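Here the structure is laid out as structure tokens; the discussion comes afterwards.
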Amino acid sequence: MFKQLGSHHWFLLGILVIAGMLRFYNYTQVSYSNDELSALNRLRFDSYGEVLKEGITPDGHPAGVQTFLYFWTELFGFSEGAVRFPFIIAGLLSVLLSYLIASRWFGVAAGLLSAGAIGCLEFPLLYSQIARPYVLGMMTSLSTAWFWTLLLFGDREGSLMEGKLPKWLKVLGLAISAAACMYIHYFSFLFAVMVLVSGILFIENDTYKRYFAALGLSFIFFSPHIALTLHQFTNVGQIGSWLAPPTPQWIADHFFYIFNGSVFVILLVALLFALSFTINFKNISFNSFHVIALVWFVVPFVVGYIFSIAKAPLLQNSVLIFSFPFFIFFSFSFFTTGLSKLSKAAILVFVPVVLYSTVIENKFFSTNHLGEINQITVKAVEWANKYGKNNITYTTNVHAPFYTDYYLEKYGVDDLDFKIYKLERDTTLRKLARVVEESNTEYFMTGWSTKFHPPEVEQIIREKYPYVIAEESFVNTGVYLYSKLSDGSTSENPLVVFSTNFIEWSEEWNVNEQNIREGLDRRSFDMKPETEFGPTLSVKTGQLRSATTLWIKLTGITEGVGELQLVVDLSHEGQNYYWNNMRFEPFIIHGKEGSVYFSVDLPVFQSDEDLLKIYPWNPSKEYFVISDIKCEFY
């Protein structure tokens, strides 16, 4: 039978209740993040075999979470509540496991303070509410550490479960937990290997057989995944392509981040550490767990930092969540093993302060942390009701159609036709120009979320829909509604315009008249293979009236696109300090007239005498006929 509950159990119960309330509050209402929708989109195949081939193998993560989600969503569907529920539970179990490990290593005070930190800090709370590998990996990392401790060192004397777990269950628990780490994320894989190797240093005569059995079983459990892991590692060049290598400042930023970005929380943790160390100095018993806690926290940090600099950037806050609890354990490791008055006071101060910091100071529940993709659909439905669904042309810029289609289905809307789902500096811009040209609606909507939104999108749309009548900005998301008519709004007019149709041009243009071709109703400029540079606009920056944005449109027809490109060049006293270009390829089709659009955010000019040049460049010696060029400065 369980032993009688002590005061520390009631403290733990209170912390678990708080942690549960934080995690379950409003978790079904928050928009899916880009990462969550990406994972769900890669489940949409007819069989698990196709998911493995098309949705897991090309990805940089092990198969565990995606496999789990495939079968989970088959049973419970794709709603936010159903998908996120097991991750919420994993977050709660992480709080409990943090208490069990820290109390076994350093005493119940350290256990309760650690549980309070894991339960209330924003970092673990955030990743408990999203369906990604991180909180599952934290749970299995803690589970690995817990069964590792039980197998090698036994349970804490006086604990509720002291002596209750049979030896074979400890072996199996360690093996399954470590294998689960390997299946969930490669940083939790690293953590599990580190834990298993560490255990070799603590094996004794009565534990070595069981320990090596657990070690062997863990790798047997993982062995079906080895071929996939090797395949993913051989494509390591694709990992972290969107991340920048970390700098030394990143280290300080990470510590600031894990403590809510709050100086007050950091000072409180430092104060509790200093007080516990100073007051209990004579009674402190330094042991191997102090070293283990620091090593298990530091090693993944160092490995990730070095790998990110030497091979491919992959270090970010989320991948260090698996080892993060062990720094928390160390921070509270010098409290006395019992629950003294100082310990109780520390808990009663620390937990409310961290709770206040997360909920009030950081406004956790009124802040969207990862993006509001759902707002694209929300605004589309709102504007459809206001202006008429058939009176708007709909486009959006997300990673996959599922991102928008999911919310259309969720909100019960099945008759909004999005003409374009993705807008990038490739052929989709040509498609957008065609959609705008062929559109006969009064309004035109576009939006973007969690990806680069080419500035040429606005330039193309406003050529026919010059008025922005609605503009909404959300976290990593923007939605815009354009109109042919003002509807009370104003259209931004350019500060300066330079254009030529080769019938006439201002003195700022340098046009070789020998290349001008006479037509029936217009003139054009022939860029022959031997013509490297076309008509060039040269203007002093003092003429641009503090412009910050440049829109260029060049229209023409070509026999081959090749390396044709528009160039913007800025120089000061003959020294170039800015150069930018746009290739013709995304816009021009062989043998058909088309327009090249180029939108540039201009740098700060160094003086009014700087020289700005705009010109077409023909390095691949193509034949191209230009009918007009327009340069607008805003």
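The values are calculated or read from the model by the stated rules, or taken from the named source; none is laboratory data. This one's a predicted model, so the numbers in the text were calculated from it and none came from an experiment. We place every Cβ from the backbone using ideal geometry, glycine too, and count neighbours over all the protein chains shown. Side chains included, ligands, DNA and RNA excluded: accessible areas come from the protein's heavy atoms. Shrake-Rupley method; radii C 1.70, N 1.55, O 1.52, S 1.80 Å.
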| field | Restricting the range 231-240 to residues that are surrounded by 10 or more Cβ atoms within 10 Å (Cβ to Cβ) and either out of contact with any Gly (no Cβ under 9 Å at 6 or more places or on another chain) or at positive phi (or both), the residue that is modelled with the highest pLDDT | value | HIS231
| query | Is the range 178-193 home to any residue that is more than 23 Å from LEU315 (Cα to Cα), free of Cβ contacts under 8 Å to residues at least 60 places away in the same chain and part of a helix (DSSP H, G or I)? | reply | no
| In this structure, does SER506 turn out to be more than 25 Å from ASN385 (Cβ to Cβ), part of a loop (DSSP other than H, G, I, E, B) and open to solvent by 30 Å² or more (accessible area, probe 1.4 Å)? | yes
| remark: When GLY371 is run through (1) farther than 22 Å from LEU43 by Cβ; (2) outside any helix (DSSP H, G or I); (3) touching a strand residue (DSSP E or B) at 6+ places or on another chain (Cβ under 7 Å); (4) not polar (S, T, N, Q), the failure sits at (1)
| field | Number of the condition not met by SER483 [criteria: (1) more than 29 Å from LEU37 (Cα to Cα); (2) touching a Lys or Arg at 6+ places or on another chain (Cβ under 9 Å); (3) buried (at least 20 other Cβ atoms within 10 Å of the Cβ)] | value | (2)
| message | Which residue is farthest from the chain's Cα centre (by Cα), if the candidates are limited to the range 382-439 and must be aromatic (Phe, Trp, Tyr) and either surrounded by fewer than 16 Cβ atoms within 10 Å (Cβ to Cβ) or in a loop (DSSP other than H, G, I, E, B) (or both)? | response | TYR411
| Given the range 544-616, what strands (runs of 3 or more DSSP E) lie entirely inside it while holding 3 or more residues that are open to solvent by 50 Å² or more (accessible area, probe 1.4 Å)? | 575-583
| query | Any idea which residue in the range 160-204 is most open to solvent (accessible area, probe 1.4 Å), counting only those that are among the small types (Gly, Ala, Ser) and within 30 Å of ALA39 (Cα to Cα)? | reply | ALA180
| task | For the range 260-284, name all the residues that are open to solvent by less than 30 Å² (accessible area, probe 1.4 Å) and in contact with a Leu (Cβ under 7 Å, 6 or more places away or on another chain). | result | ASN260
| message | So if I check each of PHE474, PHE452, PHE498, which one is of a type outside the set (Gly, Ala, Ser), out of contact with any His (no Cβ under 7 Å at 6 or more places or on another chain) and open to solvent by less than 40 Å² (accessible area, probe 1.4 Å)? | response | PHE498
| Here are some conditions: (1) in contact with a helix residue (DSSP H, G or I) (Cβ under 8 Å, 6 or more places away or on another chain); (2) within 16 Å of GLU36 (Cα to Cα); (3) modelled with pLDDT of 95 or more. LEU112 meets all but one. Which one does it not meet? | (2)
| query | All but one of (1) surrounded by fewer than 21 Cβ atoms within 10 Å (Cβ to Cβ); (2) over 15 Å from ILE251 (Cβ atoms) hold for PHE335; which doesn't? | reply | (1)
| Odd one out for GLU632 among (1) surrounded by fewer than 19 Cβ atoms within 10 Å (Cβ to Cβ); (2) under 23 Å from VAL457 (Cβ atoms) | (1)
| said: Looking at LEU113, LEU126, can you tell me which residue is under 21 Å from TYR356 (Cα atoms), in contact (Cβ under 8 Å) with a residue 24 or more places away in the chain and buried (at least 23 other Cβ atoms within 10 Å of the Cβ)? | reply: LEU113
| Within the range 355-383, can you find the residues that are in contact with a Leu (Cβ under 6 Å, 6 or more places away or on another chain) and either of a type in the set (D, E, K, R) or farther than 21 Å from TYR32 by Cα (or both)? | TRP383
| remark: Reported set for the range 509-527 where residues are surrounded by fewer than 15 Cβ atoms within 10 Å (Cβ to Cβ) and basic (Lys, Arg) is ARG517, ARG522
| message | Looking only at residues that are outside any helix (DSSP H, G or I) and crowded, with 17+ Cβ neighbours inside 10 Å in the range 62-77, which one is nearest to the chain's Cα centre (by Cα)? | response | PRO62
| field | In the range 499-548, residue nearest to TYR577 (Cα to Cα) [restricted to those that are touching a residue at least 60 places away in the same chain (Cβ under 8 Å) and aliphatic (A, V, I, L, M)] | value | VAL539
| said: Please go through (1) closer than 25 Å to ILE373 by Cβ; (2) over 25 Å from the mean Cα position of the chain (by Cα) for LEU13 and return the number of the only condition it doesn't satisfy. | reply: (1)
| query | Does the range 129-142 contain at least one residue that is among the small types (Gly, Ala, Ser) and in contact with a His (Cβ under 7 Å, 6 or more places away or on another chain)? | reply | yes
| query | Residues in the range 286-297: is at least one of a type in the set (Ser, Thr, Tyr), open to solvent by 10 Å² or more (accessible area, probe 1.4 Å), in contact (Cβ under 8 Å) with a residue 60 or more places away in the chain and in contact with a Ser or Thr (Cβ under 7 Å, 6 or more places away or on another chain)? | reply | no
| said: Checking the conditions here, which among PRO325, PRO300, PRO313 is more than 30 Å from LEU152 (Cβ to Cβ), out of contact with any strand residue (DSSP E or B) (no Cβ under 7 Å at 6 or more places or on another chain) and not polar (S, T, N, Q)? | reply: PRO313
| Looking only at residues in the range 22-49 that are open to solvent by 60 Å² or more (accessible area, probe 1.4 Å) and part of a helix (DSSP H, G or I), which one is nearest to THR404 (Cα to Cα)? | ASP35
| query | From the list SER218, SER143, SER223, which residue is within 23 Å of TRP105 (Cα to Cα) and either open to solvent by 40 Å² or more (accessible area, probe 1.4 Å) or not β-branched (Val, Ile, Thr) (or both)? | reply | SER143
| query | Of (1) under 35 Å from the mean Cα position of the chain (by Cα); (2) part of a strand (DSSP E or B), ARG517 satisfies all except one. Which? | reply | (1)
| remark: Conditions (1) in contact with a helix residue (DSSP H, G or I) (Cβ under 7 Å, 6 or more places away or on another chain); (2) part of a helix (DSSP H, G or I); (3) more than 22 Å from HIS9 (Cβ to Cβ) -> SER94 fails only (3)
| request: Check THR531 against each of (1) in a strand (DSSP E or B); (2) more than 26 Å from LEU429 (Cα to Cα) and name the one condition it does not meet. | output: (1)
| remark: When the range 338-361 is checked residue by residue, the ones that are closer than 24 Å to PHE264 by Cβ and open to solvent by less than 40 Å² (accessible area, probe 1.4 Å) are SER343, ALA346, ILE347, PHE350, VAL351, VAL353, VAL354, SER357, THR358
